[in-house]
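Worksheet: the structure to be examined is printed underneath.
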Amino acid sequence: MKTTNEKAREDNHDNLVNNLQELLEKNYDAEKGFTKAMTDAKTPQLKSFLKQQAVQRSRFATELTNEIINLNEEPKEKGSFAGDLHRTWIDVKSAFTGHDDEAILEECIRGEKASWDEYEDKLKHENFPPKIAEVVQKQATEIYGTLKKVRTLEDIADH
């Protein structure tokens, strides 16, 4: 029989791991999404930007994987079913919009805003240990920078 403290410690550990797994899954999804968008993009500038973002999300996934392993847990190895559905929706939408760069940027903004919101929510409501909080905060800051950059690219594409 576990003591109350042991149970609380176990619950905190499980909660921490679950939150990191969710972020890991989101980054797998984002990496696949950016890679997919890169193949659909028309301009070399946008293709290059999207490739950079896919690489960034791969790095985020590696960082989160390392944190999960440090907690003696097994990290997830792929993205979510919802991410697969979203990419399918983008494929359908792209077929009707002709894979234009503006539509790709709109989807990137939507995806990055969702990522930013999730990171901010977790940072606000979860009590991450300092080292993990630092990793998550750094990633959130980079996502926010990407969101601002994508909005700038969209403004350029509009004109």
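For the range 32-63, give me each residue that is of a type in the set (Phe, Trp, Tyr) and modelled with pLDDT of 95 or more. Break it down stepwise before answering.
Taking the range 32-63 first, the residues of a type in the set (Phe, Trp, Tyr) are 34, 49, 60.
Scanning the range 32-63 gives a single hit, Phe60.
Restricting to the range 132-155, what's the tally of residues that are touching a residue at least 24 places away in the same chain (Cβ under 8 Å) and of a type in the set (D, E, K, R)? Talk me through it step by step, then tell me what you get.
Quick first cut of the range 132-155, residues touching a residue at least 24 places away in the same chain (Cβ under 8 Å) only: 132, 135-136, 139-140, 142-144, 146-147, 149-151, 153-154.
So of that shortlist, the ones also of a type in the set (D, E, K, R) come out as 142, 149, 151, 154.
Looking only at that region, the number is 4.
Only one residue in Ala103, Ala95 is farther than 15 Å from Phe34 by Cα and at pLDDT below 90, so which one is that? If you could, list the steps in order and put the result at the bottom.
Details: Ala103 fails: farther than 15 Å from Phe34 by Cα.
Exactly one residue qualifies, and that residue is Ala95.
If you check every pair at least six apart or on different chains, which have Cβ atoms under 9 Å apart with a residue in the range 1-21 that is free of Cβ contacts under 8 Å to residues at least 60 places away in the same chain first and a residue that is assigned to a helix (DSSP H, G or I) second?
Every condition considered, the pairs that remain are Lys2/Glu10; Val17/Ile68; Gln21/Leu64; Gln21/Ile68.
Checking Ser80 against (1) on the phi < 0 side of the Ramachandran plot; (2) at pLDDT 80 or above, which test does it fail?
(2)
When you look at Asn66, is it at pLDDT 95 or above and either surrounded by fewer than 17 Cβ atoms within 10 Å (Cβ to Cβ) or among the β-branched types (Val, Ile, Thr) (or both), yes or no?
In short, yes.
The values are calculated or read from the model by the stated rules, or taken from the named source; none is laboratory data. The model shown is predicted, which means the values in this text are computed figures rather than measured ones. We place every Cβ from the backbone using ideal geometry, glycine too, and count neighbours over all the protein chains shown.
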